[in-house]
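Undergrad: Attaching a single structure in structure tokens format; questions to follow.
The values are calculated or read from the model by the stated rules, or taken from the named source; none is laboratory data. Just so you know, these numbers come straight off a predicted model, no measurement behind them. Positions of Cβ are backbone-derived with ideal geometry, glycine not excepted, and every protein chain shown enters the neighbour counts.
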Amino acid sequence: MSNYIERFNTSERVLHWIVTASFFTLLLTGLGLYSTLFNGYFTLFGGGRNAILIHKISGIIFFLSSLYMFFNHQKDVTGFDQDDKQWIAERGGYLSRNASHFNIGKYNPGQKLFAIFIAAATLLLGVTGLFIWAPTMFPRWIVQLSLMTHGLMFVCSIMFVVVHVYLATIGNPGTIEAMLYGDVRSLWARKHHPKWYREVTGEKP
Amino acid sequence: MTNHWIDVKNADVILIMGANPAENHPISFRWIMKAKDAGAKVIVVDPRFTRSASKADLYAPLRSGTDIAFLGGMINYILQNKLHFEEYVKNYTNAAYLVNADFKMPGDLNGLFSGYDPKKRSYDPKAWSFQKNADESVKKDPTLQDPQCVFQLMKKHYSRYTPELVSRITGTPKDKLLEVYKLYSSTGKPDKAGTELYAMGWTQHTVGTQNIRTMSIIQLLLGNVGIAGGGINALRGEGNVQGSTDHGLLFHILPGYLPVPSADLKDTAAYIEKHTPKSKDPQSANWWGNRNKYLVSYLKAIYGAKATRENDYGYNWLPKLDPGMNGSWLMIFDNMIKGKLKGFFAWGQNPACSGTNTTKVRNALAKLEWMVAVNLFDNETASFWKGPGVDSASVKTEVFLLPAAASFEKEGSISNSGRWAQWRYKAVNPLGQSRADAEIIHDLYQKLKELYSKEGGALPEQLTNLTWNYGFKRADGSIRSVDIHAVAKEINGYFLEDVEDIPKLKPGEKAPPPPPPGTPKKMLGKKGELAGGFAQLQADGRTSCGNWIYCQSYNEKGNMMARRGKKDPTGLGMFSEWSWCWPVNRRIIYNRASCDVNGKPFNLKKAVVYWNPNAPLPNGKTGAWIGDVPDGPWPPMADEKEGKKPFIMRADGVAAIFAPGMKDGPFPEHYEPMESPLPDNLMSKQMNNPAVKIFKDANVKEDVLASNDARFPYVASTYRVTEHWQTGVMTRNTPWLLELQPRQFCEISLELAREKGINNGDTVEISSVRGKIEAVAMVTPRFKPFKIGDKIVHEVGMPWCFGWHTPGVGDAANLLTPTAGDANTMIPETKAFMVGIARKG
Amino acid sequence: MADTINQAARKGILVDTARCIGCRSCQVACKQWNKLDADKTVNQGTFENPRDLTPALYNRIRFIETDSSGEVTWRFLNDRCMHCGDAGCIKVCPSPGALYRTKDGIVAYNKEKCISCKYCVSACPFNIPRYDKDDKISKCNLCLERVSGGMTPACAKACPTETIKFGNRSQLIAKATAAKKTLYGENDLLGLGVAYALEGPPEQYGLPAKPGIPSSIFLWKDVIKPLGILGFWGSIGAMLLHYVTIGPKKVDDDLNVKEDRHE
């Protein structure tokens, strides 16, 4: 048996990093819009007007790529089985130092919920962003509501992304490899996603 | 104005009728609001609920052209309820005069006064004469009880103007009528002031002059003339129309309201004899008795050294009118369309838009050989030959358009409605090739003089003998540019020789003993000095004065019009040291009528002047008027020897309730406009003003009227809007203003709109028998249908500031208006005519 | 960012609608002083034109006709930036100095600093800010250059009837209160810099009865944003805490394989 198995193919990885890059571009360009506290971030882009322009462009890229990514993985991330419920009930074992064992497929429920959330946030941020883009073309109340929603969704997103980054890096050593190289170590796969590991390798439990 | 703009703040009741100051004289509302702040009530009477009406305490609608009925009803109300100011009426008006026993009034003569000749369409004013005593003085009944006295005749005449009948004629609900009457006549108390503000809404009718007369009668009955916050105040339609009228703009007057001589007055003696009223009343100042001084000084001003006693001061060179000739606006274009005029200067005007019955005006212009248009911008007149429906190739008129400078591009004086002549300075240089009017006239004069000198012609002296010292002269005698101060000084007048001050002796007064030899002569003025006031002018050629009412405006103390003093010691806003007003800086004319016969103000709180019998005078005597410049220094009337009556411009010294000088009746009477929605005049059998000229010539197809005609069932009126000025030549070329009012509109009541299936904003066609225009329908509750007699009459209105020359704004509203003019002034009747209206497309 | 106002020094305008004759001198004087182009308009069956504020129209008169039981009224309202004491536009503006308050209390703006985000459009309780052809904010700035030079704003200067009265705001308010005028904007939004004396209920003039910054804008700016920052740092803190208390889930722990390539 090989030490490595493929978790994400090249196009999946590229897509993810496009989403990631556009997300962080949005973050950096949006920070100045979020609050005057972060006004300095505008200088990264040569001023607020450019920042807004880049925010709009990266917004389109993020909106399309993020939703595309979701639909790519839709099958894998929208179904929850009995094992998943178990995982949820025990919070994935993240609240305990003890080792935990869940019979998890390619994605654990946390990842699934994160994917669903990001998809929904993408949709909301995109639509509200459109209203904010051209506020004079829409009724004022829609734009006002959009500004609030956009802000709210951003706050939620950034918090989830912090968790996502943590869990994908130092929180779960070895995970990042999936996104960097596409391959994960078999050991890692067996530990975190045993059901998937068996599916891929044909190994019997 | 008898009063002035700021004085409006002193009123207790302000009647706005025949005007729309909020829209057309916005600055006046500064003072109207100040009056309101002090508790005054504002009444607006208008066919349409205007922006002025929006600020009124009381608004009453009336059908256009029925003001005399409305106001006649007020006279009736005042007299029936004895609300008049009896002391004032008895002392200061001709109410006590007895009219001849044969005099009959419209109530007895089917709407006519005695003396009417239907063939000539005119009255013989002799039928309206007063009863005379043996010494030629007028018989009076100071008790005002004699049935032939003016007061009783007036009472009888206006007793026909019952609220019920007035309401049937005007369409004003009876309760509104009575409310207006009650409120306004509350100013008949000695300490109350009512003012009236009018403009073209009163003048532009075939009964225009009588509209104002009716109000004058009311003001006299209530004692509102001569007082602060009173008067009868014409809001002039242009910044300087007062000035241009003062300076002889109209065909029948020379500068200073001297009549243009008629050709049958062969010399100054005949002229003076004809135009100098006489009075044997020792209490009458009869100021027009000085006519000779003003005429001769005027001739000396225009002909200078060329005017000598021997050549009758050049009187023969003055242009004359043929006896009975009328050179008014309507006649100019009537003669033009009949091919009687070769050339025409349209100077600062746009008759192809402003002229009533514009089609006639436009067709008339095509009959000219040449036309010179002087204006800031190209306009409908200068470009008439390429106007809508005009076959340019067939127009032979040669047109010259001279670009003129705007008011801020030149220096000079502007006389406002309150008679204040204010000096203005040049702010910027004229743009491009445009030049000040005076410069254009100057060049024109030089060229004409040159041609007349070279080629001769009919009476070249008329032109070549004019003095023309309006600036620095080059060696060859030509003037580089016009010095407008020189013009102003010529208007003010000069002492041409030393003039000694010799007091005039009263009849029977002994000449004072000759002063001891060696005493220096007391001088009125030295040769070359500017005259100090019209009292100094002489009839023997020793003084010059271009316009006697402006004498003092630019004297040895300097340019009085440029003064900017802000002192207001009375608190009445007279600001006597701000600019200068004619006559002799008198801010409220006939101000002696604000006091009783002893010189005590009727209203102590708002005293314009008062008589101080103890004030020391330079000649050792005592007694002087304090306050505004009084109408003459004489003591008040109670002083039987020296005292004078207050209305000094009237030969008899009193105001005329009964006015035999009018062409269409000594009392105003209601007649229908030339185009009326009614088959009959509800007041009498006489439908229209019997003395108006009827324009009826088979060759002038444009002159048509359609009264009581089913095709044109709606009363219409034209007006101005705040956003545009006159025909809009200046304002339509100002994009900011076009933004505010971008297109011709027509205001229509909700009821009429419903009837005609017109929605707000629809394009409609408005037509009269003379033409049609397109407009945006403005459907508004501010117009309401009138109940006239037993029928419902709708009225519509539209502004006249648009013309085809500005793309997309629509053509002139005056295409609809009739050729019909007032009996006295010939001002066109553009405020009441008949139209049809239909939704377009 | 905090928008504070010195009420005592505040200059303002009191629009006494009972004095307005709808002459629109204010509208034109404003264009003249601010060198604004004319807008192309059409007559839509009313005197009112333009029908709304534009980037080239900072101030206009609304013409309001009513006709109840035969009694017609025609009222005129000066429609323009109210220079709120608590200004939604300043609150949301992300570009420091683009929208700011002068020492006179004027809500001013600097087009150079405007980044065209248009947040102010949504945050304004009165829907005032417009964006010009360069996509920069345009609105009444109370002629702040004139005011700082000791003059009155162009609209107040041109007003013939003293409808638009400029001066110390508290004094204007005190005078109007003494004259028993019905005031609008005396206290709303910490007092409107352009307050009104009305002749009827505000709704008749097309004014909100209780003007305020829209609640969604309030929630966004005053609740979500500060909480969001807290949340962001909170989530990072939580992760760090997790790392040191519970620790990462190392694959090697389970399987005792020392093969970590990437740590």
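Undergrad: It is to be established whether one or more residues within segment B:118-126 are of a type outside the set (Ser, Thr, Tyr) and touching a helix residue (DSSP H, G or I) at 6+ places or on another chain (Cβ under 9 Å).
TA: For segment B:118-126, residues of a type outside the set (Ser, Thr, Tyr) and touching a helix residue (DSSP H, G or I) at 6+ places or on another chain (Cβ under 9 Å): absent.
Undergrad: Let me ask something else. In segment B:608-626, is there at least one residue being out of contact with any Asp or Glu (no Cβ under 6 Å at 6 or more places or on another chain), more than 19 Å from B:Ala486 (Cα to Cα) and either hydroxyl-bearing (Ser, Thr, Tyr) or touching a residue at least 60 places away in the same chain (Cβ under 8 Å) (or both)?
TA: The answer is yes, given that some residue of segment B:608-626 is out of contact with any Asp or Glu (no Cβ under 6 Å at 6 or more places or on another chain), more than 19 Å from B:Ala486 (Cα to Cα) and either hydroxyl-bearing (Ser, Thr, Tyr) or touching a residue at least 60 places away in the same chain (Cβ under 8 Å) (or both).
Undergrad: Among the residues of segment C:73-94, are any more than 10 Å from chain A (Cβ to nearest Cβ), surrounded by fewer than 19 Cβ atoms within 10 Å (Cβ to Cβ) and either under 27 Å from C:Val28 (Cα atoms) or without any contact (Cβ under 8 Å) to a residue 24 or more places away in the chain (or both)?
TA: Yes, some residue in segment C:73-94 is more than 10 Å from chain A (Cβ to nearest Cβ), surrounded by fewer than 19 Cβ atoms within 10 Å (Cβ to Cβ) and either under 27 Å from C:Val28 (Cα atoms) or without any contact (Cβ under 8 Å) to a residue 24 or more places away in the chain (or both).
Undergrad: State all residues of segment B:562-582 that are under 26 Å from the mean Cα position of the chain (by Cα) and either modelled with pLDDT under 95 or surrounded by 24 or more Cβ atoms within 10 Å (Cβ to Cβ) (or both); if no residue qualifies, say none.
TA: B:Met574, B:Ser579, B:Trp580, B:Cys581, B:Trp582
Undergrad: If you don't mind, another one. Would you mention how many residues in segment B:1-43 are more than 13 Å from chain C (Cβ to nearest Cβ), over 21 Å from C:Trp74 (Cβ atoms) and within 18 Å of the chain's Cα centre (by Cα)?
TA: The number of residues fulfilling the criteria is 4.
Undergrad: If B:Lys192 satisfies every condition in (1) in contact with an Asp or Glu (Cβ under 8 Å, 6 or more places away or on another chain); (2) assigned to a helix (DSSP H, G or I) but one, which is the exception?
TA: (2)
Undergrad: I've got another one for you. Any idea how many residues of segment C:137-171 are farther than 30 Å from C:Ser122 by Cα and touching a His at 6+ places or on another chain (Cβ under 7 Å)?
TA: Total satisfying the criteria: 0.
Undergrad: Same structure again: Condition (residue is free of Cβ contacts under 8 Å to residues at least 60 places away in the same chain, under 14 Å from the mean Cα position of the chain (by Cα) and within 8 Å of another protein chain (Cβ to nearest Cβ)) applied to segment A:141-155: is it met by at least one residue?
TA: yes
Undergrad: For segment B:683-708, enumerate the residues that are surrounded by fewer than 16 Cβ atoms within 10 Å (Cβ to Cβ) and over 23 Å from B:Val361 (Cβ atoms).
TA: B:Lys685, B:Asn708
Undergrad: Within segment A:174-205, track down each residue that is within 19 Å of A:Trp17 (Cα to Cα) and either outside any helix (DSSP H, G or I) or among the acidic types (Asp, Glu) (or both).
TA: Selection gives A:Gly174, A:Thr175, A:Glu177, A:Tyr181, A:Gly182, A:Asp183, A:Val184.
Undergrad: Moving to a separate point now. Which residues, counting only those in segment C:231-247, are part of a helix (DSSP H, G or I) and at the interface with another protein chain (Cβ under 9 Å from one of its Cβ atoms)?
TA: Those that are part of a helix (DSSP H, G or I) and at the interface with another protein chain (Cβ under 9 Å from one of its Cβ atoms): C:Gly231, C:Phe232, C:Gly234, C:Ser235, C:Ile236, C:Ala238, C:Met239, C:Leu240, C:His242, C:Tyr243, C:Thr245.
Undergrad: Can you tell me which residues in segment A:24-34 are within 14 Å of another protein chain (Cβ to nearest Cβ) and under 14 Å from the mean Cα position of the chain (by Cα)?
TA: Within segment A:24-34, A:Phe24, A:Leu27 meet the criteria.
Undergrad: OK, next. Which condition does B:Leu250 not pass, out of (1) at negative phi; (2) part of a loop (DSSP other than H, G, I, E, B); (3) in contact with a Ser or Thr (Cβ under 6 Å, 6 or more places away or on another chain), if it passes all the others?
TA: Result: B:Leu250 passes all but (3).
Undergrad: Being outside any loop (DSSP other than H, G, I, E, B) and on the phi > 0 side of the Ramachandran plot narrows it down to one residue among B:Gly339, B:Gly314, B:Gly324, B:Gly389; which is it?
TA: B:Gly314
Undergrad: Show me the helices (runs of 4 or more DSSP H) entirely contained within segment A:1-106 in which 2 or more residues are among the small types (Gly, Ala, Ser) and touching a Leu at 6+ places or on another chain (Cβ under 7 Å).
TA: A:48-72
Undergrad: If you don't mind, another one. For segment C:108-147, give me each residue that is on the phi > 0 side of the Ramachandran plot and surrounded by fewer than 21 Cβ atoms within 10 Å (Cβ to Cβ).
TA: Within segment C:108-147, C:Ser116, C:Asn127, C:Asp135 meet the criteria.
Undergrad: Among residues belonging to segment C:21-55 that are within 7 Å of chain B (Cβ to nearest Cβ) and among the β-branched types (Val, Ile, Thr), point out the one that is farthest from B:Gly810 (Cα to Cα).
TA: C:Ile21
Undergrad: I'd like the residue in segment B:608-633 that is farther than 26 Å from B:Asn492 by Cβ and in contact with a Ser or Thr (Cβ under 7 Å, 6 or more places away or on another chain) and, out of all such residues, is surrounded by the fewest Cβ atoms within 10 Å (Cβ to Cβ).
TA: Here the residue is B:Asn614.
Undergrad: Right, next: Considering segment A:52-67 alone, what residues qualify as being in contact (Cβ under 8 Å) with a residue 60 or more places away in the chain and at the interface with another protein chain (Cβ under 9 Å from one of its Cβ atoms)?
TA: Correct list: empty.
Undergrad: Right, here's the next one. Can you name the residue in segment B:527-567 that is of a type in the set (Lys, Arg) and part of a loop (DSSP other than H, G, I, E, B) and, of all such residues, is farthest from B:Gly243 (Cα to Cα)?
TA: Ranking the candidates gives B:Lys527 first.
Undergrad: Report whether or not B:Pro636 is surrounded by fewer than 23 Cβ atoms within 10 Å (Cβ to Cβ) and in a loop (DSSP other than H, G, I, E, B).
TA: Spelling it out, it is not the case that B:Pro636 is surrounded by fewer than 23 Cβ atoms within 10 Å (Cβ to Cβ) and in a loop (DSSP other than H, G, I, E, B).
Undergrad: Further question on the same structure: For segment B:722-757, which positions are more than 8 Å from chain C (Cβ to nearest Cβ), β-branched (Val, Ile, Thr) and under 22 Å from B:Thr780 (Cα atoms)?
TA: Of everything in segment B:722-757, just one residue is more than 8 Å from chain C (Cβ to nearest Cβ), β-branched (Val, Ile, Thr) and under 22 Å from B:Thr780 (Cα atoms), namely B:Ile748.
Undergrad: Take B:Trp625 and tell me if it is under 18 Å from B:Ser576 (Cβ atoms) and among the aromatic types (Phe, Trp, Tyr).
TA: Taking the combined requirement at face value, the residue satisfies it.
Undergrad: Okay, moving on. Would a scan of segment C:108-123 turn up a residue that is touching a Pro at 6+ places or on another chain (Cβ under 6 Å), aromatic (Phe, Trp, Tyr) and touching a residue at least 12 places away in the same chain (Cβ under 8 Å)?
TA: Looking for residues that are touching a Pro at 6+ places or on another chain (Cβ under 6 Å), aromatic (Phe, Trp, Tyr) and touching a residue at least 12 places away in the same chain (Cβ under 8 Å), one finds none in segment C:108-123, hence no.
Undergrad: Do you know which residues across segment B:343-377 are charged (D, E, K, R) and either more than 18 Å from B:Ala812 (Cβ to Cβ) or assigned to a loop (DSSP other than H, G, I, E, B) (or both)?
TA: B:Lys367, B:Glu369 - these are the residues of segment B:343-377 that are charged (D, E, K, R) and either more than 18 Å from B:Ala812 (Cβ to Cβ) or assigned to a loop (DSSP other than H, G, I, E, B) (or both).
Undergrad: Here is a further query. Looking only at segment A:35-51, filter to residues that are closer than 21 Å to A:Ala134 by Cα and either more than 10 Å from chain C (Cβ to nearest Cβ) or buried (at least 22 other Cβ atoms within 10 Å of the Cβ) (or both); which one of those is farthest from the chain's Cα centre (by Cα)?
TA: Across segment A:35-51, the extreme among qualifying residues is A:Gly48.
Undergrad: For B:Glu164, are the conditions met, namely being of a type in the set (D, E, K, R) and on the phi > 0 side of the Ramachandran plot?
TA: no
Undergrad: Here is a follow-up. Between B:Arg291, B:Arg309, which is of a type in the set (Lys, Arg) and either part of a helix (DSSP H, G or I) or touching a strand residue (DSSP E or B) at 6+ places or on another chain (Cβ under 7 Å) (or both)?
TA: Just a single option satisfies the conditions, and that option is B:Arg291.
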